Structure formats: structure tokens, C-alpha cells
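Reviewing the structure listed below.
The values are calculated or read from the model by the stated rules, or taken from the named source; none is laboratory data. For clarity, every value in this text was computed on a predicted model and none was experimentally measured. Backbone-built Cβ (ideal geometry, glycine too); neighbour counts: all protein chains shown. For accessibility, only protein heavy atoms count, side chains too; no ligands or nucleic acids. Shrake-Rupley method; radii C 1.70, N 1.55, O 1.52, S 1.80 Å.
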Amino acid sequence: GADNFEVRYLLNEACVKQGIPWVYGGVLGTYGLTATILPGETPCLRCLLGPMPPPASVPTCETAGVLGPMVAIIAAIEVTEALKILIERREDLLRSLLMIDVWTGDFERAQTQRPTAGCPVCGEGHYELLEAEGGSVATMLCGRNAVQIRPRPAPVLDLAALGERLAGVGGVEVNEYLLRLATEGKELTIFGDGRAIVKGVGDEAQARALYARYVGS
Ligand SMILES: [Zn+2]
């Protein structure tokens, strides 16, 4: 699926390279972000969020949850922004990052409306993900109904902290070498270098989706 940082940053690179506007939205817990990205005119996703977070460094919606109404708010704003692009009313676009916490009622708009100087994507035209040989590598392991995921570059995971975050989603066992998570009838064995073996899946896409959901992307 597209609910992971790798796909968002890849989409950003593709849109910046081709000059195609796109509307970013993300929700976690009671909090959401949205930004309309006009390549060359407004900050791109890399300008706004910085380098792509390594796996397991930020909570995912699976570990932190998502409050339903927050999704509706961000989706409504994204659709409205898309309508403005479609009817060519670009002067009415928000042009900056909008941050909303529906629980506390805080709405905040970033002041920055211009691309960040020296942004590797929209400033310098380095399309790291677009030009990569392939992001994380997923390999089906023969006869075991299992897929190995090897993220590149390899992160260093704090397995104990990840274990605490995952405690609510299934059975978790952690030792100094690995973390084992049993959930949704599947088993994920995650190592400190980010490598994981996902058992009980039929294909690589399913394994990648589970990895993104529980470890991050
Ligand atoms: Zn940028």
C-alpha cells in the first residue's frame, strides 16, 4: 500500500521531477497534516518533513492508532485542494503545511510558502528513491510461506522500544538479537539491522505491507 514513508517520498520525487502538483495528507492518533505541493513554487515533501525517517523511528497508525474523525478532516481538506487545482484556482491554494489536532482543537499553518534552499529533491534534483536500484528488498523464501524483507540502507533498530510499541497489537517476544511479533495469524521476526522474516504470507506485497504497518517504512 501507499501508507508508508517510502511511497510518499517516492511520489514526491516523481511529482517534483515531472512538475505535477500533488496533495499530501497524513494522520496519526488525533493529529493530521496536509500540504499542497506545487513543484518549484511551494515546499516539497522533503522540504517540509526533512529526510525520510528510518524504519521503526516513528509510530505507525497500527501502533499509535488513528481517530476516525481526524481522517475525515484531512481528507476533506485534501479534496478541496484538489478541486482548486482541477478548476485552476491556484491562487486559492493553501501553499503551506497545515497541522491539525482535532482533540485539542489546535490548527496551525506553517509560515513557509517557498521551497527550502538546498532541498536535495526540489532544489538540487537528486531523485534518490526514483533512481535507486530498488528500495527495500523483499525475497520470497521457498516453501516456507515466508518473505524476507531487507531495508536499504540498513537501520539500527531499538528492539526493546519497538517491542513496547507493539505490545498492544499482538504477542511480542524480545531478546537481544530479535523481536518476534504474532498478529493477524502471521509471525514477524525482526532483527536489529531492520531485516525481517514475515511468515504466513502468500506474496512479497503482503509482507511489505505488514512490515510497513508494524515496523515502519
Ligand atoms: Zn523540496
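List of remarks:
- Three-way shape label, segment 5-109, alpha-carbon gyration tensor, a/c 1.5: oblate
- Sorted on the mean count of surrounding Cβ atoms within 10 Å across their residues, most packed first, peptides 92-102, 174-184 read 92-102, 174-184.
- Inter-probe distance in nm under a simple model that places probes 7 Å from Cα toward Cβ, at Ala182 and Ala110: 4.3
- Computed over segment 137-214, the percent of Cα pairs more than 21 Å apart is 20.
- 3J(HN,Hα) along segment 159-175: 5, 5, 5, 5, x, 5, 5, 8, 4, x, 9, x, x, 10, 10, 10, 10 Hz, from the Karplus curve 6.51 cos²θ - 1.76 cosθ + 1.60 with θ = phi - 60°, whole Hz, x for Gly and Pro.
- Computed from Cα atoms, the angle from the helix 5-18 axis to the main principal axis of the chain rounds to 40 degrees.
- Amide hydrogen neighbours beyond the local backbone of Val66, cut-off 5 Å, H modeled: Gly29
- Accessible area of the chain divided out per residue, in Å², using a probe of 1.4 angstrom: 52
- Length gained when the stretch Leu141-Glu41 is fully extended (0.36 nm per residue, less Cα-Cα span): 31.4 nm
- For Val137, the residues 5 or more places off, or on other chains, whose built amide H falls under 5 Å of its own are Arg150, Arg152.
- With the whole protein complex present, Tyr31 retains an accessible surface near 90 Å², based on a 1.4 Å probe.
- Over the chain, the Kirkwood radius and the radius of gyration, each from Cα atoms, give a ratio Rg/Rh of 1.00.
- Charge dipole of the chain (Cα centre as origin; +1 on each Lys and Arg Cβ, -1 on each Asp and Glu Cβ, all else neutral): 200 debye, rounded to the nearest 20.
- For the chain, the carbon plus sulfur part of the accessible surface works out to 55%, probe radius 1.4 Å.
- Rounded, prolate or oblate (a/c below 1.5 giving rounded, otherwise prolate when a/b exceeds b/c) for segment 61-120 by Cα gyration tensor: oblate
- Degrees, to the nearest 10: 204-214 long Cα axis against longest axis of the chain: 80
- Positive-end ranking of Pro115, His126, Leu67 along the dipole of the chain, with charges on Cβ about the Cα centre, is headed by His126.
- The calculated FRET efficiency for Phe191 paired with Leu83, based on their beta-carbon distance and R0 = 45 Å, is about 0.45.
- The magnitude of the dipole of segment 5-109, with charges of +1 and -1 set on the Cβ of Lys/Arg and Asp/Glu and taken from the Cα centre, is near 200 debye.
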